[in-house]
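Throughout, read-outs are computed from the coordinates displayed, never taken from laboratory work. Because the structure is a prediction, the values reported are computed rather than measured. FYI the Cβ positions are ideal-geometry reconstructions off the backbone, even for glycines, and counts take in every protein chain you see.
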Amino acid sequence: MKHATNASVMRTSNRKLILNLIRQNPVSRVELAEQTNLTRASVTQIIDELLDAGLVEAISTLEHGGLGRKRTLLALCHNARYVFGVNIRRRHCEVGVIDLYGEVLSQRILDVSGRTADDVIRQIADTILITKKELHLDDERILGIGISAPGPVDYKKGILLNPPNFAEWHNLPVGSLLSDLTGLETSLEKDTNSRALEEKYFGAARTISNFMLVQIDDGVGSGVIIRDRLYRGAHGMGTEIGHTSICYDGPMCSCGNRGCLETYLRIPALLKNTRFHSWNDLAHADLEMQAKDAGAIIDRAAEYLSAALVSAVNLYDLEKIILTGDIASCPSPLTERLNETIRQRVLNRSSLQDIPVIDSCSIAPVRTGAMAVLHEMFQD
Ligand SMILES: [Zn+2]
């Protein structure tokens, strides 16, 4: 391991458990023992190590609005560690760095389309090394480089497998390439899994334990969090709602299945033979009185999507669904229709108050990239 200090600090599950609680709110040692079921002695030992490593700090507060006795709480140090984030997309990628609270300290956008993958990887590495120098970041304070990319990916080996419309990058060991060029450790995650983690840590799902994030743009992807943890399934692929069928004898999809949601719902399919060039065009047209055609497309999108989402809710017993991607630029008529339909069609109507479908409010592409590494600091 290149960074023994970081690795040893994150060594055990108990440390991660405690760090994850401290990350969410300043908390006392007694509360940590209660919430983790660890002994006071174990908590004290772990806290002492975290204080020594400079990861947490003790802060004093007064109870009862300043009238009570003094309490010592533990909080995460903002600038204790940093994580580089690389968010690879088909047309461009973002490269930058965040702190432990997810604040973006730096972000640069690089062109991807029309260039070789090797060329882009080299530029990403150069950008990381330049940023590191500009911000005076020591290796000891850098946890690594988190990478998010279109799936499918082999997250264990750091390899992009065969994402559609991205042939130049197929079977590319992006993790080891970037590691060799920068000397930093890397961790790769499918983009929609990283987005789901970002919502869980910093976004609309901080207090939600079971949800699905659905990303709709040129494709349709998903990431699922179950009981506060990323759901990866047996082979690490996680969920692919875009390739669940909403019509058993529908058109053949490139994946080999018939009637996949993605073949109907990807934005280019929704806008085919219409006057709209992008979802943004449609979103603005919808504000005009005559935009009946825009309304009809939104209705169609809601029908396709609700067919899949009702199944997802029935399968996973979800609390919330978060929409992201280009389609989130026109969320409200779509989410209203989805909420109506889901409420009418899910099986478990009696105990469910609501399964709100909401639009994402927390996209920061560099942070999305960094989640693959940041997540490892707080969870096994
Ligand atoms: Zn498919």
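Under 5 Å between amide hydrogens, built in the peptide plane, is the criterion, and for Y82 it picks out I142, L143 among residues at least 5 positions away or on other chains. In summary, the lysines within cross-link reach of K156, defined as a Cα separation below 30 angstrom excluding same-chain residues under 8 places away, comprise K2, K16, K132, K133, K190, K200, K320. Once the Cα atoms are used to define both axes, helix 117-134 deviates from the longest principal axis of the chain by about 40 degrees.
Axis of helix 191-202 versus longest Cα principal axis of the chain: the two differ by about 50°, to the nearest ten degrees. Using only side-chain charges placed at the Cβ, +1 for Lys and Arg and -1 for Asp and Glu, the dipole size of segment 109-222 relative to its Cα centre rounds to 320 debye.
Label positions at S278 and T61, each projected 7 Å from the Cα along the C-beta direction, are separated by 4.3 nm. Shape analysis of the chain yields a ratio of the Cα radius of gyration to the Kirkwood radius, Rg/Rh, of 1.00. Computed from the Cβ-Cβ distance with R0 of 51 Å, the FRET efficiency linking D48 to N348 stands at 0.65.
Can you compute the charge dipole magnitude of the chain about its Cα centre, using +1 on each Lys and Arg Cβ and -1 on each Asp and Glu Cβ, nothing else charged? Give it in debye, rounded to the nearest 20. Intermediate values should be presented prior to the final figure.
Working: 41 positive and 47 negative charges, 128 e Å.
Computed about the Cα centre, the dipole is about 620 debye.
Compute the projected area of the convex hull of the Cα atoms of segment 204-359, averaged over all viewing directions, and report it in nm² to one decimal place. Before the final figure, lay out the partial values.
Numbers: hull surface 39.3 nm².
Directional mean of the projected Cα hull area for segment 204-359 stands at 9.8 nm².
Taking every alpha-carbon pair under 8 Å whose residues sit at least 6 apart, the chain reaches a relative contact order of 17 percent.
Between R258 and R115, residue separation times 0.36 nm minus the direct Cα-Cα distance comes to 48.2 nm. Model label points for R122 and M237, set 7 angstrom from Cα along the Cα-to-Cβ axis, are 3.5 nm apart. In this simple spin-label approximation, D228 and Y101 carry label points 7 Å from Cα along the Cα→Cβ vector, and these lie 2.1 nm apart. Per-residue packing, averaged as other Cβ atoms within 10 Å, sorts the ranges 189-202, 207-220 into the order 189-202, 207-220, beginning with the highest. Computed over the chain, the per-residue total of -39500 (n - 2.57) for DSSP H runs of n ≥ 4 gives a 222 nm mean residue ellipticity of -12000 deg cm²/dmol, rounded to 500.
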